[in-house]
Amino acid sequence: GESIEKPVIMATGGGAHRFRDLLSSERRVEIRVEDEMESLTAGLNFLIREVADEVFTYTEDRPMEFVDAGAGEDFPYMLVNIGSGVSILRVEGEGQFERISGTSLGGGTLWGLLHLLTGERSFDAMLGLTKSGDNTKVDLMVGDIYGSDYDKIGLKASNIASSMGGVYRKTLDKKFDDADIARSLLYMVSNNIGQIAYLNAQLHGIRRIYFGGYFIRGHPLTMHTLSYAINFWSKGQMSALFLRHEGFLGATGAFFKTEPHAEAENGLELVADGLEDTTADNSATAADTLEKREIAATGGRRGRRGTTAAAKTYSFTENFSIAGSIADAVGSLGMLDRAPARLMALPQLASSPAQPYQPDTVDLTRAPQLQAYWISAMERNTHGLLELAADGALELGGDARLEQFVALYLDHLRRLRERPLAYGAMSVRALLSLREQCLHEVGLDDIFASVKRRESDAALAALPPLLAHVDSISSQRERLRLLLENVLAGNMFDWGSAALRGALADGSLDLARARKQITWRESFANADRFLDRVDHGPAYTRALVFVDNSGADVCLGVLPFVRFLTERGTCVVLAANTRPALNDVTEHELLAIVRRVALVDDCIAKAVDDNKLMVCGTGSSEPCLDLRKLDERLVRLSKSADLIVIVGMGRAIHSNYHARFTCDSLKLAVFKNQMAADAAGAHIYDAFCRYVPGSGT
């Protein structure tokens with residue numbers, strides 16, 4: 001009969017060699033063994049590059065402080081992999097590493113000694129013993145020798161002078177507690193590994209030391225001890241770095257070596273070559289041009305077998321909708337979802353090791369009151385969705401899915417109340433992203449679809465008279481001022497804002513009323529500086545505009561403003577979410593909107609025909625914006641941009657409020673949340689119109 005292809009399992013480490021034949025015969029699978037050190041370094045490089053909040057420092061006083069490992073130079077670094085023994089690797093780049101040292105004193109040492117001394121068999125049980133132990137009952141401390149600190153050489157009385165040395169100094173007849181012995185031996189092994197690691201780092205001129213391996217297992221005392229050792233020997237100049245996925249480095253690296261098999265499910269590679277060269281022939285209409293450009297700008301999946309490693313061809317995001325708990329100290333691990341395209345940083349970001357880019361405006365990690373407020377706000381928002389569903393405003397395909405979402409998301413919020421660091425650093429962006437992940441998990445991909453269609457239809461009907469009014473204003477300066485006011489007024493049409501949802505639901509909010517609600521204060525709005533730049537400076541070459549909501553926001557606010565820019569000769573790239581989030585417009589919806597506007601407005605039609613107006617996805621499905629993770633096609637289109645415009649509270653206030661750029665930037669939003677306004681020193685419905693000239697570096 002036909003031979004059935006065996007499932008393939010990628011494996012690495014000593015056990016992969018020892019049990020390959022047994023597993024192959026017993027489980028009828030093919031075991032492919034990959035080099036352990038190659039897999040470890042490949043896995044670590046991937047996790048640092050792709051997974052948010054992967055790297056952290058740890059001490060008992062300040063547990064889990066997340067570190068942006070990509071803020072400076074990626075290489076070189078040192079990996080201390082602690083298994084049965086210890087291997088120390090110097091990593092110079094992708095696939096470039098050298099084992100520079102190691103020690104036989106590792107996790108196996110601790111396990112063996114504790115089994116002999118306590119009789120315990122389980123490593124987790126042994127680590128559990130250390131929690132209640134007191135090592136000073138078996139160790140010889142500096143204070144036991146000198147009676148106090150030894151200040152002259154920098155030793156405190158509480159420092160360990162001799163591991164297990166207190167046994168003979170204090171009494172040989174006493175029966176010692178297993179927990180005290182366990183804690184002493186853990187300190188002995190961890191302190192020695194930490195010292196050896198530091199000495200190797202000094203010898204090789206390396207400042208970043210990552211610790212991984214089965215020995216750590218997210219155990220608080222182990223991480224604290226390694227951190228203490230690195231801090232002590234470096235005199236506070238270096239920190240031990242840990243990883244949330246530290247137990248999966250080898251497995252992750254081995255998995256990505258399955259390519260091209262990893263891509264066999266679709267056999268395709270995303271290709272966006274020639275994105276900027278896509279043009280229409282002279283007889284094509286603007287709508288035809290956009291339709292052709294849509295094929296290119298959304299990836300045009302041309303059938304070409306993948307030839308590059310999946311880890312480099314694609315990007316990944318961590319999805320916590322279904323999360324597994326690992327350890328109390330480390331929290332939970334989500335699923336790694338493959339993004340539809342490679343995600344890259346915006347070239348115009350002004351980020352440096354001294355001032356790294358941080359998308360989140362407010363760090364909720366160490367702010368219990370803010371944590372409580374925002375978790376409660378998300379709970380209220382979730383119940384608000386139930387009310388909208390009861391009124392028939394949402395597309396659900398049945399009530400069961402919404403009930404599943406509510407139960408799932410509220411359960412996550414309860415977990416975050418108890419353990420704020422369960423899913424990494426807590427921020428407004430993270431809470432909003434988690435909500436979208438939960439909606440997608442239960443199959444609710446676009447619950448505001450009908451709302452967006454209805455509001456876009458109404459806004460497009462109101463667009464021609466609005467454009468006629470704008471065109472009737474003879475002063476360019478006053479025309480642009482009105483356009484900016486309309487962008488902010490349009491941004492009030494935000495179903496994510498609890499303060500405005502009632503007015504949106506009953507239809508009582510229109511553009512004129514929204515404009516009257518907004519207050520302009522000099523501390524948050526410097527529109528005149530932007531007007532001066534436009535009046536007296538050359539036209540911008542290319543503007544990248546990150547849009548927000550569907551309906552009045554994009555149709556009556558953003559597009560008339562963009563129209564003004566294109567009339568001055570500026571090429572404009574509109575960046576919209578690739579996938580749905582709340583009532584945010586998606587790239588496909590925006591393409592359709594621009595196509596409709598081009599049929600009724602000659603200026604927009606000309607901009608499209610002249611390749612002065614393009615639409616591209618951001619690669620995101622979130623209400624906020626991380627400018628380090630943008631679709632590579634958008635990044636390619638944006639390389640020559642000399643103006644960055646960010647619209648909306650989620651993208652310009654909750655995130656990117658402090659973002660700096662090498663080119664000119666304009667952030668346009670309204671403070672529609674009281675807590676966000678309070679945090680900035682603003683008032684509710686204050687305009688946020690911040691123009692900043694580029695730093696040039």
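The values are calculated or read from the model by the stated rules, or taken from the named source; none is laboratory data. From a predicted model like this one, the values you see are computed outputs, not experimental measurements. Using ideal geometry, Cβ is built from the backbone for each residue, glycine included, and neighbour counts are taken over all protein chains shown. Note: accessible area is taken over every heavy atom of the protein model, side chains too, but ligands, DNA and RNA are not part of it. Shrake-Rupley method; radii C 1.70, N 1.55, O 1.52, S 1.80 Å.
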Partners for LYS174 among aspartates and glutamates (Cα-Cα distance below 20 Å; same-chain residues under 8 apart left out): ASP134, ASP139, ASP144
Residues of type lysines that LYS175 reaches as a straight line, Cα spacing below 18 Å, ignoring anything fewer than 8 places off in the same chain: LYS137
Low-density loop cleavage sites - trypsin sites (Lys or Arg not before Pro) in segment 518-625, where at most 15 other Cβ are within 10 Å (DSSP): ARG521, ARG568
All-pairs alpha carbon distance profile, segment 94-171, 10 Å steps from 0, percent: 16, 31, 29, 19, 5, 0
Surface/4 estimate of mean projected area, convex hull on alpha-carbon atoms of segment 588-697, nm²: 8.4 nm²
Sequence of GLU379, GLU26, GLU36 from largest to smallest accessible area, 1.4 Å probe: GLU26, GLU36, GLU379
Separation of the ARG417 and GLU60 label points, Cα + 7 Å toward Cβ, nm: 3.0 nm
Estimated inter-spin distance, GLU38 and ASP21, nm [label 7 Å along Cα→Cβ]: 2.3 nm
CD proxy at 222 nm, helix term only [per DSSP H run n ≥ 4: -39500 (n - 2.57); per residue of the chain; nearest 500]: -13000 deg cm²/dmol
At 0.692 mPa s and 37 °C, Stokes diffusion of segment 1-71 via Kirkwood alpha-carbon radius, µm² per second: 215 µm²/s
Candidates per trypsin sites (Lys or Arg not before Pro) in segment 194-260, loop by DSSP, up to 11 other Cβ within 10 Å: LYS235
R0 of 60 Å, Cβ-Cβ distance ALA505-LYS6: FRET efficiency to nearest 0.05: 0.60
Quarter of Cα convex hull surface for the chain, i.e. mean projection, nm²: 37.2 nm²
In Hz, Karplus ³J(HN,Hα) per residue of segment 632-649 (6.51, -1.76, 1.60; θ = phi - 60°; x = Gly, Pro): 4, 5, 5, 4, 5, 5, 9, 4, 9, 5, 10, 9, 10, 10, 10, 10, x, 5
When each of LYS257/LYS629; LYS152/LYS235; LYS452/LYS667; LYS629/LYS667 is checked by Cα-Cα distance, pairs over 21 Å: LYS257/LYS629; LYS452/LYS667
For segment 491-650, the fraction of alpha-carbon pairs in successive 10 Å shells from zero, as %: 10, 37, 38, 15, 1
Cross-link partners of LYS612 among aspartates and glutamates (Cα-Cα below 16 Å; sequence separation of 8 or more within a chain): GLU276, ASP277, ASP281, ASP288, GLU291, GLU294, GLU567, ASP601, ASP602, ASP642
Two-decimal ratio, segment 1-156, of alpha-carbon radius of gyration to 2.2 N^0.38 Å: 1.46
Linear extension gain, ASP528 paired with PHE232, 0.36 nm per residue minus alpha-carbon span: 101.2 nm
Surface accessible to a 1.4 Å probe, TRP111 within the full protein complex, Å²: 100 Å²
Peptides ranked, highest mean first, by Cβ atoms within 10 Å: ranges 436-442, 682-688, 597-603: 436-442, 682-688, 597-603
Alpha carbon Rg of segment 398-486, scaled by the compact-globule rule 2.2 N^0.38 Å: 1.74
Between segment 191-236 and segment 528-578, the Cα center-to-center distance that results, in Å: 50 Å
For segment 44-114, diffusion coefficient by Stokes-Einstein and Kirkwood Rh (Cα), 25 °C, 0.890 mPa s, µm²/s: 174 µm²/s
